1. Looking for whichever is open to solvent by less than 20 Å² (accessible area, probe 1.4 Å) and at pLDDT below 95 here; the options are Ala92, Ala96, Ala116, Ala84. Which one fits?
2. Tell me which of these Pro60 doesn't satisfy, since it passes every other one: (1) open to solvent by 20 Å² or more (accessible area, probe 1.4 Å); (2) under 26 Å from Gly151 (Cα atoms).
3. Which residue pairs have Cβ atoms under 6 Å apart, sit 6 or more places apart or on different chains, and have a first residue in region 42-62 that is without any contact (Cβ under 8 Å) to a residue 40 or more places away in the chain and within 22 Å of Lys162 (Cα to Cα) and a second that is in a helix (DSSP H, G or I) and of a type in the set (S, T, N, Q)?
4. Out of all the residues in region 133-152, which are of a type in the set (Lys, Arg) and either free of Cβ contacts under 8 Å to residues at least 12 places away in the same chain or surrounded by 14 or more Cβ atoms within 10 Å (Cβ to Cβ) (or both)?
Amino acid sequence: MVTIEREGGDRAMDDDGRGPGPADPLPYEGVWRFTAPAVDASVPGARHAVRDLLRRQGVPVSDDLVQGLLLIVSELVTNAVRHAAVLSPRLAVEVAVGAEWVRVSVEDGHPYRPTALEADHGRTGGRGLLLVREITRETGGTCQVARTASGGKVIWATLPLKPAPS
């Protein structure tokens, strides 16, 4: 079962208690994080949780952007399940939404940092990170891999909410 928690609590009120002021976040802005076991069933679970979160929060994303985000989530969670589960029995998925961008990240406890290698056309797999980087590039976003303080890694993709100019 996947449970999503909002990090940082609810939006703060102004000093006079009237609610958010002009510099306060939009209603859909926030950071949500959930953990799941590093098993195959977590892939569709993570995808559905992210889709439902975006819908529930009213994030202004196009259908194409949602499909790209869900493919990125699927690829990153699949990689964590396939390559990190031995050392990291749980993984974390985070969704952060700003006024003009959305970021999805997957964190695991395995120290290996993958790189996007050239695709070997003779292999049936091994293209997940390439696909993530391509989707991210096409939207005008960014993709990064970093070490965590606990020695694992986090891979994230940040995409603009509005399409990149062609």
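1. Going through Ala92, Ala96, Ala116, Ala84 in turn, the sole match is Ala84.
2. Checking Pro60 against (1) open to solvent by 20 Å² or more (accessible area, probe 1.4 Å); (2) under 26 Å from Gly151 (Cα atoms), the one that fails is (2).
3. Short answer, once both residue conditions are applied: Arg47/Ser74.
4. Selection gives Arg133, Arg137.
The values are calculated or read from the model by the stated rules, or taken from the named source; none is laboratory data. These numbers come from a predicted model, not from an experiment. Cβ: placed from backbone, ideal geometry, glycine included. Neighbour counts: every protein chain shown. Ligands, DNA and RNA are stripped out before the accessible areas are found, and what is left, the full protein with its side chains, is counted by its heavy atoms. Shrake-Rupley method; radii C 1.70, N 1.55, O 1.52, S 1.80 Å.
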